[in-house]
Amino acid sequence: MSSSAILPVGDGGVLGAVRAFLGSLWQKKLIDALLVPLELPSGDNVVPAIVSDPEKLKMANPLAPVMPLNSARQVSAITIASPSAERLGVVLRPCEMRALIELVKLKQASLENLLLIGIDCPGTYSISDYGRFVQKVKSPANDFLSKFQEGKEDPLLRKACQICEYPVPANTDLVIGLLGMDLNNSILLEAGTAAGERIIGELGLEKGGVRSREAAIAKMVSQRAERRERLFEQVRKDARGLEKLMAALATCINCHNCKTACPLCYCQECFFDSPVFKFEAEKYLGWAQRRGALRMPTDTLLFHLTRLNHMVISCVGCGLCTEACPNNIPVADIFRLVGDKVQKDFEYVPGRNLDDELPLTTFREEELHNIGI
Amino acid sequence: MVKLNSVLVIGAGAGGIKASLDLAEAGFKVYLCDRSPAIGGALIRMDRWFPDNHCGLCQMLPAFSTDDSSRFCLRRGLIHPDIELMPLTEVKEVAGQAGDFRIGVTSRATGVTPELCIGCGLCAGVCPVETAREFNEGLAPRKAIYPPHPGVLPYVYTIDWDSCTKCGACVAKCPTQAIRLKEGEVIRQLRVGAVILATGFEEFDPVLATQYGYQRYPNVITGIELERILSPSGLTGGELLRLSDNRAPGSIAFLQCVGSRDSRKDYCSSTCCMFALKEATLLKQANPQVDIHIFFMDIRAFGKGYYRYYEQARDELGVKFTRSRVPVIREDPPTRNLVLTTIEENGALAKRQFELVVLSVGQTPAPGFQELCQVLGVEVNKWGFCRSELFSPVATTREGIYVCGSASAPKDIADTLVEAGAAADQASGWLARRRVPPTPPEEAMESDAEEAPRLGVLLCDCGQEITSVLDLEEIAEFSRQLPDVAWVARVPYLCYTDAWQRPAKELRKHKVNRLVIGACSRYFNTRLGEIGLNSSAVQKVNLREHIAWVHGDNPKVATEKAKSLLAMAIELARAPEPEPASPVNVHPRALVIGGGLAGLTAALSLARHGIEVHLVEKSAGLGGNLKQICYTLEGDDPQALRENIIARVKTDRLIQVALETELMEVGGYAGNFEVSLKGKESLLHSLEVGAIIVASGGEEYRPTEYLYGQNKNIITQKELEGKLFSAKLDPRNISSVVMIQCVGSREKERPYCSRICCSQALKNALRLKEGNPDIEVTVLYRDMTSYGFQEEYYTRAREKGMTFVRYEPESKPEVRPEGERLVVEVAEPVLGGRLILEPDLVILSPAIIPPENTPLAWTLGVGLNEDGFFQEAEVKFRPVDFLTEGIYVCGLAHSPRGMGESITQAQAAAQKAVSLLTREQLVSGIAVSETIQRQCSQCELCITVCSYTARMKDVESGEVVVRGALCRGCGACVVACPSGAAKLRGFKDRQVFSLIDAAF
Amino acid sequence: MAEEDQFEPVIVGFFCNWCTAAAADLAGTSRMQYPPNVRPIRVMCSGSVDPVYVLRALLGGADGVIIGGCPPGDCHYVSGNYRARRRMAILKTILATLGLEEERVWVRWISAAEGAKFSRTMNELTQAIKKLGPNPMKRDWSI
């Protein structure tokens, strides 16, 4: 399934080429609808939307360097009750696709009847930084990409993106490839599955590829991995140990926005919102008595540690928890640091493969001999 | 005649316990007697078993109505309302007949009144007599008054009259006047419908093998003694030490067949190879540096998974094996090491020195067994074991009396437990089936749930056992201050018969609806009725074993601990009581898959118990492999058996046979399966059944080796048997045959022993010899596996002049045609040369292989083992069950086995199914899980982690629901669920939080 | 007197009904002495110990937590202890990565026959926790 085709970039720039490609899926009747980020009229944000009229594609902007929310959750919302009856195209960034794979394993989404279109992700800004960015440029997507083409990575990009080792989507039927391409001339359309391959055929695209891509990907991944290690070092310095960790969590107001923004926190009702955490007055006063004082609301650290416990094995590092935090707690940094270790322990890469079992649903008889003697 | 509901099981070892539990679970009343003071027999002196090195004893506890029996490790005891344990009891007299036996038993007094004994041990402290301790094989001393084994429940002492001097010191010391130094007997008459003989075996006394110096040389020990040395509850606390000098031995030799396979005991004890392998494996795993050498004649690793175990010991762990008899052992006096003289296979004598020698002693009938059999009126065979027939392996010569385990022939636990199930099946045929009444949801419970909790706290002084360390008054005062506590009281001895009368009154007066007991490890559940509370309304704190007895030197902190534990228990007791889950109905109907010997036998057993049976067979006829078995080694007539059971199946009103029919789909769960069947001509039709028995059989491997199929004179054993039987082949026209064993078995792609091929070869060889004494029969083998009483035929074959030549798997025999003749060439290990034979016929003994079982296993949702046979729930303790309740396995579908063994297993599987199907309803235990739908995201993690398929997604509602009857309350789902939607009744997160909070 | 001698830690023990709780009883009937600092909680299976219980104990006031289960392969519920092992491995890794003294959490497989191992473990655990000193989390009002 290595077949790929070149999509020419014309006057509309890369965005134009992508829109044209998405439009062609309708023309060839390959999809009935498409979940894709659309530009809002205000111009300073994009949101995922289900497009059923190809006319609306002129607002489609999957290249806008901003990810207000993780679309995996939207795919989940659409497909959780029953798989899509119509053929739905879905344009996803790599971290969105990886989150989607995890959600499928958790029975929170179905890939049935979906055409998964991944798109290379050079990185995204926070919503507010994006708002400032669009003020300065004419076409945010094209402008961003041309900068990217020059090899300049904006230090304003979200930290999660700067350390992301997965700029290229996996497991999608098709990949819109940007890395290693001469974006003034062409972008790549790569098949990731047999279905994707068929579509390239049906679109009548000429097969072709580029040699520069692999090296470009490798370079980017290694740069990011290096940055990731530096960040880990920093987090270890800043947030390790009870005192420092509590300092990092000092501004937490138990709003649980991080949980709401997390594409993987799938619980209908969070454990921490359940009746288990409704205590009698005597309990609160008792705890206060024991320590002299009691932070309210209670269980700040317990919440974060438990969320780590539940989710860190599947964390794809999209970083939206940090974005959602009203008080700038680096939740994602902590998740990445811990996740890196836990995931390695179980040789588990979230979102790598639908067939990899979730580590907590299985076990090996011979393992972890250091736990329990 | 009104049928009785009760049964007597004689012998409380592995087989007796298993049969009793099976019968009690099925709703019968069991008297379980044993000559010894405690249950467990040989079983509880071992910690782990082959072939998985695990302990799985507790797997024997009932799978349904789990709350009925005690729910703790069986090593500690067995408490079931329908099993009456009768220790120190012997059967003296048997009158009546099957269905109505009147049995006189005498029970010796233990000297200690169990209701009075508090287990304080003061008596043993003053007892002047020291004697050898049975539990540790006499390796460590005990007093004449002693607890039968550590950890036994209730923890009560007993007197060994043989060593007791009746000095009276204990009587004077006993704080509860529990001791009566009067040997007495209580005679009782039992009326039972059937009897199961499960007396097990006695180890061969190695003193009789004088050449080995057992007892003369301290470093010559038996396998079971080694087991006790290696056990954490044994005398060295699990450390490998020689008894002569408390030093770890660097080299150990195992001698096989001590007291087996010789002229006096011409049978194989069937288990000693595996037992030695297990010891060697455990030793090597714990002490890799120890040099271990096993001296043997044949390695008989014929059970499921056993050959792999052997290979692992040999190839991965480096246990060394030498094929040699050891005629004599001498001690090297200064070192107390042992010098073994061995006769190697080539006849050479060698001397080798070891620091420890382990004798693998065989099994012999239990002492007094002959007399017991006389009392019971059942015959023994010439080896002194209970006589049974090949086709009715658990029947004795007296109707209504059944036998299981080593009482009828030496065997291991796995085979014993299968027989125990079969014996339970056969015995229950004589009994009035008591339908297990669905436990009515106790009214008290429902009203309790609404009532505000009012707690009572009952603290036991245990004489001074608790009060000498703990300040119970302070603890009582502390308890009074805790929320919802309405009443606190102390009693001197809570275990006394009349101890509960006063509290019961007080409890009522104070309207107490929950109780916290602070006492000891005793099992009080059976007494809760006296105070009108059920077990879910009661919490226990073990003030004695968990505090007073272990923190004697720190009373202050110990009292603090006691307070914490009481506060914790009170928090648990305060929680609202769970509402009982609703029971589900059972379809009293079974599906049997497979119309071979196992399937037919199972169907007949089911029908005998009034169960409607649907038997489906893939092929066009009944009988399976049995069709091709013409005679047996022991002289039985398989074809008569075949005709008989097919006729009985065909005429049984309750059995419907569907030929050329296959199982297509299975839905539902134990008691409530919906299965879809498809006949060759018919449409898919569905059926509601409560249980499924898998008896889909196995088949003979078609050899690709030794030119099979290319030469008409190279045939399989089965083909030879057919030809001999139909007289197509006249032995008088043959002058020589060569038989080749292990064709396709014990190979890389099939690393298991097919179990029956050696006896098949012996059977056909003897038949040939019978027809023509001059035939030269040469058997090329790897290990002759004529286990149990088959050994006799191996001996007979050699006496008749048959030649047995061993070959190594690396240098297999070569078969080639030379002109008209066949030539077989093989390396001869004894003389070291090459043997060249020119037989008329070459007979191959092919493996038993599973058919392609994957589709069936997938349909049933059950597993297969690495070899493609069905995988039972637990290799020893749940041998016919699957992890999915309601589905059972027997016959070749499980593993290669002989006819008798298939029959036994089919009966055992039927017993399980009958036990399930004769319930009208399945009732959940108290602590089963449930789903809070509001919190559930249907991620199904709980379904994935459930070992018992107790959780499923309801197709219609889409909700994740719990099949309460299948839930064992392990709590795996609770932990798997991130949102807290999966809960355990009686142990919810909220309660656990409160409980944890109370710890500080 | 050294400080660690005065400090009486509170340790919460989650002991599986089938093995470790039985071993505790056996240690009792065999009168094997061990320090009284462990508060045993009997659970049906080590696999039913939710990491949140362990955290709750650690954050709520325990100086240490021990989970006692059947030896690998011996679980009454087939695989509960294997699952517990994975969960506790993750929990300990989280704590270790965040520098939260994962060594306060012990996992031990103690069979019903191992009364001696039970009392030895309680001794070792209590000593180890005494050495670590009081759990700082239990004094912190702001966690």
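B:K173: which lysines have alpha carbons under 20 Å from its alpha carbon, excluding same-chain residues fewer than 8 sequence positions away?
B:K143, B:K182
Please list, short to long, the whole-number percent of alpha-carbon pairs of the stretch C:9-134 in consecutive 10 angstrom bins beginning at zero.
All Cα pairs considered, the percentages come to 15, 47, 33, 5, 0.
Roughly what would the spin-label model give for B:R502 and B:Q639, points 7 Å off Cα along C-beta, in nm?
8.0
Taking a 32 Å limit on the Cα-Cα distance, which of the listed pairs C:K92/C:K117; B:K618/B:K763; A:K259/B:K953; B:K18/B:K748 fall beyond it?
B:K18/B:K748
What ranking, highest mean first, results for peptides B:531-542, B:121-132 when packing means the other Cβ atoms within 10 Å averaged over each residue?
B:531-542, B:121-132
Work out the P(r) tail for the stretch B:205-362: percent of alpha carbon pairs separated by more than 21 Å, whole number.
42
On a straight-distance basis, which aspartates and glutamates could pair with A:K278 in a cross-link, Cα separation under 15 angstrom, same-chain partners fewer than 8 positions away excluded?
A:E269, A:D299, B:D989, B:D997
Could I have the simple spin-label model distance between A:V349 and B:R732, label points 7 Å from Cα toward Cβ, reported in nm to one decimal?
7.8
Quick check: net charge around B:S696, other residues with Cβ under 13 Å of its Cβ, Lys/Arg +1 and Asp/Glu -1?
Computed value for this residue: -3.
For a footprinting-style exposure proxy, rank B:F993, C:F14, C:F7 by other Cβ within 10 Å, fewest first.
C:F7, B:F993, C:F14
Ranking B:L455, A:L174 by Cβ neighbours within 10 Å, fewest first, what do you get?
Ranked by crowding around the Cβ, least crowded first: B:L455, A:L174.
In whole angstrom, how far apart do the alpha carbon centroids of the stretch B:452-475 and the stretch B:307-378 sit?
Centre-to-centre distance over Cα atoms comes out at 55 Å.
Highest mean first, how do B:40-47, B:186-193, B:847-854 rank when packing is the count of other Cβ atoms within 10 Å averaged over residues?
So the order, starting with the most tightly packed, is B:40-47, B:847-854, B:186-193.
Around B:F870, with a cut-off of 14 angstrom between Cβ atoms, what is the net charge of the other residues, counting Lys and Arg +1 and Asp and Glu -1?
-3
Using the beta-carbon distance between C:K131 and C:Q33 and R0 = 22 Å, what value does 1/(1 + (r/R0)^6) give for FRET efficiency, to the nearest 0.05?
The value I calculate is 0.65.
Which FRET efficiency value, to the nearest 0.05, do you get for A:E233 and A:L156 by plugging their Cβ-Cβ distance into 1/(1 + (r/R0)^6) with R0 = 22 Å?
So, using R0 = 22 Å, E works out to roughly 0.55.
Let me know the mean shielding of A:281-289 by other chains, meaning the per-residue number of their Cβ atoms within 10 Å of its Cβ.
1
Within the stretch A:78-100, find all residues whose amide N lies under 20 Å from a label point positioned 7 Å from the Cα of A:T361 along Cα-to-beta-carbon.
A:78-84, A:96-100
Based on a Kirkwood Rh over C-alpha pairs, give the Stokes-Einstein translational diffusion coefficient of the stretch B:951-1000 at 25 °C and viscosity 0.890 mPa s in µm²/s.
For these conditions, the coefficient is 199 µm²/s.
Once every DSSP H run of n ≥ 4 in chain B is given -39500 (n - 2.57) and the sum is divided by its residues, what mean residue ellipticity at 222 nm do you get, rounded to the nearest 500 deg cm²/dmol?
-6500 deg cm²/dmol
Answer rounded, prolate or oblate for the stretch A:1-135, using the Cα gyration tensor with square roots of eigenvalues a ≥ b ≥ c: rounded when a/c is under 1.5, else prolate when a/b is larger than b/c, else oblate.
Oblate, since a/c reaches 1.5 and b/c is not below a/b.
Mind checking B:960-969 for the average number of partner chain beta-carbons within 10 Å of each residue's beta-carbon?
Taking the mean over all residues of the peptide, I get 1.
So which lysines pass the test for A:K56, namely a Cα distance under 24 Å, with those fewer than 8 places away in the same chain ruled out?
List returned: A:K28, A:K29, A:K138.
Counting only the backbone N, which residues of the stretch B:865-882 are under 13 Å from the spot 7 Å out from the Cα of B:E311 toward its beta-carbon?
It comes to B:866-868, nothing else.
Run the Debye formula on the Cα coordinates of chain B, all scatterers equal and no solvent, and tell me log10 I(q)/I(0) at q = 0.04, 0.05, 0.07, 0.08 1/Å.
-0.22, -0.34, -0.67, -0.88
Name the long-range amide H neighbours of B:R325: under 5 Å, sequence gap of 5 or more, or other chain; modelled H, no Pro or chain starts.
Answer set, sorted by chain and number: B:I343.
For the ranges C:19-28, B:296-305, what's the packing order if you count other beta-carbon atoms within 10 Å of each residue, average per peptide, and put the highest first?
Averaged packing, sorted descending, gives the order C:19-28, B:296-305.
Whole number please: convex hull volume per residue of the Cα set in the stretch A:285-342, in Å³?
In the stretch A:285-342, the Cα convex hull volume per residue is 101 Å³.
At a 10 Å Cβ-Cβ cut-off, how would you order A:L189, A:L156, fewest neighbours first?
Placing the least packed residue first, the sequence is A:L156, A:L189.
Listed here are the pairs A:K283/B:K509; B:K304/B:K800; B:K320/B:K351; A:K237/B:K988; B:K304/B:K728; B:K411/B:K650; which of them are more than 27 Å apart at the Cα?
From A:K283/B:K509; B:K304/B:K800; B:K320/B:K351; A:K237/B:K988; B:K304/B:K728; B:K411/B:K650, over 27 Å: A:K283/B:K509; B:K304/B:K800; A:K237/B:K988; B:K304/B:K728; B:K411/B:K650.
Rounded, prolate or oblate: which fits the stretch B:110-183 when a ≥ b ≥ c are the square roots of the eigenvalues of the alpha-carbon gyration tensor, with rounded for a/c under 1.5 and prolate only if a/b beats b/c?
oblate
What is the extension gain from B:R352 to B:E852, computed as 0.36 nm multiplied by their sequence separation minus the C-alpha to C-alpha distance, in nm to one decimal?
Full-extension gain reported as 175.1 nm.
Roughly how many nanometres apart are two label points built 7 Å out from the Cα toward the Cβ at B:Q97 and B:R527?
If labels sit at B:Q97 and B:R527, their model points lie 4.6 nm apart.
Just how far, in whole angstrom, is the stretch B:387-421 from the stretch B:808-861 if you go by their alpha carbon centroids?
34
Please name whichever of B:P978, B:L240, B:A486 sits farthest to the positive end of the charge dipole of chain B, dipole taken about the Cα centre and charges placed at Cβ: Lys and Arg +1, Asp and Glu -1.
B:A486
Report ³J(HN,Hα) in whole Hz for each residue of the stretch A:332-348, in order, from the Karplus equation J = 6.51 cos²θ - 1.76 cosθ + 1.60 where θ = phi - 60°; Gly and Pro get x.
My calculation for the stretch A:332-348 gives 5, 4, 5, 4, 5, 4, 6, x, 3, 6, 5, 5, 5, 4, 9, 6, 10 Hz in order.
When you take every Cα atom in the stretch A:193-286, what is the radius of gyration, and what is Dmax, the widest Cα pair distance, in Å?
Computed over the Cα atoms of the stretch A:193-286, radius of gyration and Dmax are 24.2, 73 Å.
Averaged across the residues of B:944-955, what count of C-beta atoms belonging to other chains lies within 10 Å of each residue's C-beta?
Average per residue, whole number: 2.
Expressed as a whole percent, how much of the Cα-Cα distance distribution for the stretch A:239-361 exceeds 26 Å?
Percent of Cα pairs beyond 26 Å in the stretch A:239-361: 27.
Calculate, for A:N327 and A:D273, the FRET efficiency according to 1/(1 + (r/R0)^6) with r their C-beta to C-beta distance and R0 25 Å; round to the nearest 0.05.
Calculated value: 0.80.
For the protein assembly as shown, just say rounded, prolate or oblate: build the C-alpha gyration tensor, square-root its eigenvalues into a ≥ b ≥ c, call rounded for a/c under 1.5, and beyond that prolate if a/b exceeds b/c, oblate if not.
Since a/c reaches 1.5 but b/c is at least a/b, the shape of the protein assembly as shown is classed as oblate.
How much length would be gained if the chain were fully extended between A:V47 and A:C255, taking 0.36 nm per residue of separation minus their Cα-Cα distance, in nm to one decimal?
72.6 nm is the gain from fully extending A:V47 to A:C255.
Here, each number is a calculation from the coordinates, and none is a lab measurement. Not measured: the values here are computed from a predicted model. We place every Cβ from the backbone using ideal geometry, glycine too, and count neighbours over all the protein chains shown.
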